[in-house]
1. Dividing the convex hull volume of the alpha carbon atoms of region 103-163 by its residue count, what do you get in Å³ per residue?
2. Please state the relative contact order of region 46-194 as a whole percent: Cα pairs under 8 Å, 6+ residues apart?
3. No solvent, one uniform scatterer per C-alpha: report log10 I(q)/I(0) for region 1-158 via the Debye equation at q = 0.09 1/Å, two decimals.
4. Please give, to one decimal in nm, the separation of the simple spin-label points placed at VAL31 and THR137, each 7 Å out from Cα toward the Cβ.
5. How many percent of the accessible area of the chain is carbon or sulfur, using a 1.4 Å probe?
6. Calculate log10 I(q)/I(0) of region 71-202 for q = 0.13, 0.18, 0.20 Å⁻¹, where I(q) comes from the Debye formula with a single equal point scatterer on each Cα and nothing for solvent.
7. For every other residue with a beta carbon closer than 13 angstrom to the beta carbon of ASP126, add +1 if it is Lys or Arg and -1 if Asp or Glu, then tell me the sum.
8. Using the heavy atoms of the protein chains alone and a 1.4 angstrom probe, what is the accessible area of the chain per residue in square angstrom?
Amino acid sequence: MATRGFIGRRTPEDHAARTPPGQALTTDFPVLSAGPTPRIKLEDWKFTLKVGPRPVFAWDWKTFDALPKTAFTRDIHCVTTWSKLDTKWEGVTIDDLLAAAGMEAATPFVLAHGFDGYSTNVPTADLAGSKAMIATTYDGKPLTPDHGGPARLLVPHLYLWKSAKWVSGLQFTEVDTAGFWELRGYHMVGDPWREQRYHDDP
Ligand SMILES: Nc1nc2c(c(=O)[nH]1)N[C@H]1C(S)=C(S)[C@@H](COP(=O)(O)O)O[C@H]1N2
Ligand SMILES: [Mo]
């Protein structure tokens, strides 16, 4: 029985066990964006942490890229019903980011912002404990613009709309504040295992 678990990782049963309700596995990597892909030059890139309206810390690309990086291999799940197993990323965990800023999570909620004007809310608890990162590579290569490069938020255990591409900053908010899709009826948390797709889902 000792080898079963190892072999089991590649069986159809294992794939089924890793596929949340209402999802189907895909091996390609679809691109989903609400608008055109912004092209952000590294010299213009800036990432800002805010508490409410107040900027508290910012990095340019050079200082951000010098932060400690962590590798993630994670399954991802899009609310449009595709899931993709074992995706490989590298980036700065939110824990390491806050440590570098010398701050602790300031409020229970975060609103993530993108250079394209996109926003999405995430409970602060879902960003802590090495569960989320600002990703800068995918599959060993710099993140391509269509998937959010130079850097995107990655919260792999929530539906992928929470993973803001072209991320420009994180804003701590006292009140859970709906972002782009949440204002259009999507869930405030978005846990795929609980099938939290739309606002009124449990
Ligand atoms: N800034 C920004 N981030 C975004 C989006 C967007 O339109 N703008 N789309 C979201 C949605 S709905 C999904 S499903 C994922 C898709 O990520 P992908 O294009 O890398 O598959 O990005 C999310 N992050
Ligand atoms: Mo999406």
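1. Working: hull volume 6.3 nm³, N = 61.
In region 103-163, the Cα hull volume divided by residue count equals 103 Å³.
2. Numbers: 330 pairs, mean separation 40.9, N = 149.
It comes to 27 percent, rounded to a whole number.
3. Debye output, listed in q order: -0.34.
4. Going from the VAL31 label point to the THR137 one covers 2.2 nm.
5. It is 57 percent, rounded to a whole number.
6. Here log10 of I(q) over I(0) equals -0.49, -0.98, -1.22.
7. On the way: positive: LYS131, LYS162, ARG194; negative: ASP95, ASP176, ASP191.
Value of the local net charge: 0.
8. Numbers: 10130 Å² over 202 residues.
For the chain, the per-residue accessible area is 50 Å².
The values are calculated or read from the model by the stated rules, or taken from the named source; none is laboratory data. Keep in mind it's a predicted model, so treat the numbers as computed, not measured. Virtual Cβ from ideal backbone geometry, glycine too; neighbours counted across all protein chains shown. Accessible surface is based on the protein model in full, side chains and every heavy atom, while ligands, DNA and RNA are left aside. Shrake-Rupley method; radii C 1.70, N 1.55, O 1.52, S 1.80 Å.
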